[in-house]
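The values are calculated or read from the model by the stated rules, or taken from the named source; none is laboratory data. Predicted model, so just to flag it, every value in this text is computed and none were measured. Counting neighbours? That spans all protein chains shown, and the Cβs are built from the backbone with ideal geometry, glycine included.
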């Protein structure tokens, strides 16, 4: 798990800067960074690894690769032709992959101004939106399990198993509610930090 988290952090860092930066000596004697150039090759390599990690958790592999490629792109948006070239995949494979992402609302489709080409975009808050969809799924799962529980009778092994399941789903549901509130507050802080950093 630590290795996966460490790799994702490297991927995020590389999306903005390279692994090596030129260092200068300021007149006051302090070291500073002259420039930090994006390393496209490294970003794409780590994006491919991130896509494989997503596929390992159950994502369709090509959709995972497409998602990671868009996420790591400089503008957070790529055309189907861009994706086919970067991933060395057929137009049909890209079409199927983006269709899945659009259906799952993991990406959106936009039209480039003055062009007929569609671009596929990963929004900044997609993780939160994905989590909220899981919250809605939990509610539906809980309702469905409740129906089974009502029909299972009393004092049976099935009842015990279903009540344990209900307890878990109820616990997770309540945790989601608190997590959502905490994330909204934390996101405001992160947005302020990023606005300050990228406005310079």
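Annotations
- Test: residue 77 is in contact (Cβ under 8 Å) with a residue 40 or more places away in the chain and either loosely packed, with under 14 Cβ neighbours inside 10 Å or in contact with a strand residue (DSSP E or B) (Cβ under 6 Å, 6 or more places away or on another chain) (or both): yes
- Residue match in the range 148-170 (condition: in a helix (DSSP H, G or I), in contact with a helix residue (DSSP H, G or I) (Cβ under 8 Å, 6 or more places away or on another chain), touching a residue at least 24 places away in the same chain (Cβ under 8 Å) and surrounded by 14 or more Cβ atoms within 10 Å (Cβ to Cβ)): yes
- Any chance residue 92 is surrounded by fewer than 12 Cβ atoms within 10 Å (Cβ to Cβ), modelled with pLDDT of 90 or more and either more than 18 Å from residue 40 (Cα to Cα) or not assigned by TED's automatic domain parsing to the domain that holds residue 187 (or both): yes
- Among the residues of the range 95-132, those that are within 14 Å of the chain's Cα centre (by Cα), modelled with pLDDT of 85 or more and assigned to a helix (DSSP H, G or I) comprise 101, 102.
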